[in-house]
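*Asks:* Sharing a structure here in structure tokens format.
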Amino acid sequence: MREVDHFIDGGYCAAASGARIAREDPATGAPLRAIARGDAADVARAAAAASRAHETWGRTPAAERSRTMLAIAAGIEARLDELARLECEDTGKPLALARSLDIPRAAANFRFFATAILHEAGESFMTERPARALNYVLRRPLGVVGCISPWNLPLYLFTWKIAPALAAGNCVIAKPSELTPTTAAVLCDIARHAGLPAGVLNVVHGLGPEAGQAIVDCPAVRAVSFTGGTVTGRRLAARCGERLIPASLELGGKNAAIVCEDADLALAVPEIARSAFLNQGEICLCSSRILVHRARMKEFTERFIDATRAMNVGDPLSPETDLGALISKAHREKVMAAVARGVRDGGVVACGGGIPRNLPARVADGAFLQPTVLLGVPQDSPCVQEETFGPVVTVHGFDRHRDAVAMANGTRYGLAASVWTRDLARAHRMAARLDAGTVWVNCWMLRDLRVPFGGVKDSGIGREGGHEALRFFSDVSNVCIATGEAP
Ligand code: NAD
């Protein structure tokens, strides 16, 4: 697909202005796509279509919505190879990862919310005084909602928002990242073939301050679900606050992995390496700070560096590749600047830190970076405090568990943490004191779609997952029926 167009009212179209954004392949540097550059005029058209469509979709029985969404899940699975290939091209991630993680999860998101709405139960309350009454809680779709997603797990996160929005009976105006729009465009074709009525799902492509801002400002939009950076999220929340519409914000992280003195290193070393470098470290949940009990520091560090050195950086199409290209050369510059800052502040690069040599000719000009381990960086360095969102970790020693918790909590973020220990009572005590929306014990990124997901502090507001997402996309009214005395 060379040109990526909006999908509005059941059909593809270019931006009203005719403008396009050029995107290059992050792995090869070659021109890749020309993407519709949407603005408020395109969003207004999408809003009109979505408002019209909501008159029927909002009243469509849950069983019927569920059937259509299950057909979309099946459609994603039927086009797995094509979608994985497009995701790999757009992001630079290994094709094998797109095939095993991104695209299957997109289908799972649709299947999960399609079936969740078949099992929703309501709440009711019997009132006795001052008069007898039955209260029950009525949940209704909001109407038209906005969904804005980032580039790191494109279809995975895009569907994680639109599936609950559609399942709850809303119509959607969505914007994927301008860097990775293609699988969202294909999803629209899948939805159309699955029988999703025109106008229920509209996708407007373009830049954040143009198309994204227009979605947040659009008077028809009744709620915004956003995943992206903390700076953007704060701006968006302020605007939603002015408009008095709810915003769900899934933002950045600076996640700690805590390795206790009794940790099983045969498990912890490979899993923490995966948690640091999967998807080139470009997952909000990636571990970027490893805190190790000093009794195991030497052993852990040696084994971790060996595991890091063993990772293959290279052509995303090769099945041997562990790390593909970063999303862009500009992003690589930012990640390398964070490493340089860590070194300036007193840290030492124990491995990686540079652009890999001897890349195959096809990808010699791509945005690759070696997985990088830094030792001795002080806690107050921006390299330790700020999200890097790349294949970079810092390793730190601790003596007491309370120091590990204090260090883990010592940034403005609070998305996730992991604890590696054989003592589950200790793990529980630590989890209760960690500022993190998710704490994994002896595992990482084991995701059950029913559990609440989100961050504390600067990592976000609100929870996605399971019932939380369906609630976010619903209005709640209480109905109170005077029943009188029983005869
Ligand atoms: P970003 O904030 O730059 O962009 C995210 C999306 O918002 C994009 O679609 C972008 O076009 C849009 N956008 C930008 N400015 C906007 C504006 N003014 N109004 C409306 N929309 C606007 O983030 P990114 O660089 O695409 O993604 C990386 C960030 O996402 C990282 O910080 C990462 O931690 C975070 N992230 C968080 C989670 C989570 O679940 N907490 C998951 C994945 C990524």
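Each value in this text was obtained by applying a stated rule to the coordinates, not by laboratory testing. Nothing here was measured: the structure is a model prediction, and the numbers come from that model. Glycine gets a Cβ as well: all are built from the backbone with ideal geometry, and neighbour counts include every protein chain shown.
*Asks:* Which three lengths, in whole Å and largest first, does the range 321-392 cover when its Cα atoms are put on their principal axes?
*Replies:* Taking max minus min along each principal axis of the Cα atoms, the range 321-392 gives 40, 21, 19 Å.
*Asks:* Distance between the C-alpha centers of the range 143-220 and the range 458-487? Whole Å please.
*Replies:* First find each Cα centre; the distance between them is then 24 Å.
*Asks:* Can you give the FRET efficiency to the nearest 0.05 for residue 337 and residue 189, using r as the Cβ-Cβ distance and R₀ = 30 Å?
*Replies:* Plugging the Cβ-Cβ distance into 1/(1 + (r/R0)^6) gives 0.15.
*Asks:* If you count, for each residue, the other Cβ atoms within 10 Å and average over each peptide, how do 248-254, 204-210 line up from highest to lowest?
*Replies:* 248-254, 204-210
*Asks:* What are the principal axis extents of the Cα atoms in the chain, in Å, biggest first?
*Replies:* Extents along the principal axes: 75, 60, 40 Å.
*Asks:* Let me ask you something else. Using per-residue counts of other Cβ atoms within 10 Å, averaged over each peptide, order 63-71, 106-114 from highest down.
*Replies:* Highest to lowest by the protection proxy: 106-114, 63-71.
*Asks:* Hey, another quick one. Under the Karplus relation 6.51 cos²θ - 1.76 cosθ + 1.60, θ = phi - 60°, what is the ordered set of whole-Hz ³J(HN,Hα) values for the range 379-389, x standing for Gly and Pro?
*Replies:* Couplings: 4, 8, 5, x, 5, 9, 8, 9, 5, 9, 6 Hz.
*Asks:* Another question, if that's okay. Hey, fewest Cβ within 10 Å first, where do 183, 301 land in order?
*Replies:* So the residues, fewest neighbours to most, are 301, 183.
*Asks:* Mind listing the long-range amide H neighbours of residue 222? Cut-off is under 5 Å, sequence gap 5 or more, other chains count too, H placed in the peptide plane at 1.01 Å from N.
*Replies:* Excluding prolines and chain starts, which carry no amide H, the hits are 144, 145, 146.
*Asks:* Okay, next question. Which three semi-axes in whole Å describe the equivalent ellipsoid of the range 255-441, each the square root of 5 times a Cα gyration tensor eigenvalue, listed largest first?
*Replies:* Working: eigenvalues 155, 58, 43 Å².
The answer is 28, 17, 15 Å, longest axis first.
*Asks:* Here is a further query. Once R0 is set to 25 Å, what does the formula 1/(1 + (r/R0)^6) return for the Cβ-Cβ distance between residue 12 and residue 64, expressed as a FRET efficiency to the nearest 0.05?
*Replies:* E(calc), rounded to 0.05, equals 0.50.
*Asks:* Still on this structure, please answer the following. Roughly what percent of Cα-Cα pairs across the range 215-291 reach past 16 Å?
*Replies:* Tail of the P(r) past 16 Å holds 60 percent of the pairs.
*Asks:* Go ahead and estimate [θ] at 222 nm for the chain from helices alone: -39,500 (n - 2.57) per DSSP H run with n ≥ 4, summed, over the residue count, rounded to 500.
*Replies:* Theoretical 222 nm ellipticity from helices: -11500 deg cm²/dmol.
*Asks:* Among 334, 93, which comes first, then next, by fewest other beta-carbon atoms within 10 Å?
*Replies:* Taking fewest neighbouring Cβ atoms as first place, the list is 334, 93.
*Asks:* Pop the C-beta distance of residue 426 and residue 379 into the FRET formula with R0 = 22 Å and round what comes out to the nearest 0.05.
*Replies:* Computed FRET efficiency for residue 426 and residue 379: 0.45.
*Asks:* Then there is this: Once you list every other residue whose beta carbon is under 14 Å from the beta carbon of residue 157, what net charge do they have if Lys and Arg are +1 and Asp and Glu are -1?
*Replies:* Working: positive: 93, 105, 161, 175, 447; negative: 87, 90, 102, 250, 282, 464.
Charge balance in the 14 Å sphere: -1.
*Asks:* Leaving out same-chain residues fewer than 8 places away, which lysines sit with a Cα under 20 Å from that of residue 329?
*Replies:* 93
*Asks:* Sticking with the crude label model, points 7 Å out along Cα→Cβ, report the distance from residue 100 to residue 306 in nm, one decimal please.
*Replies:* 2.2 nm
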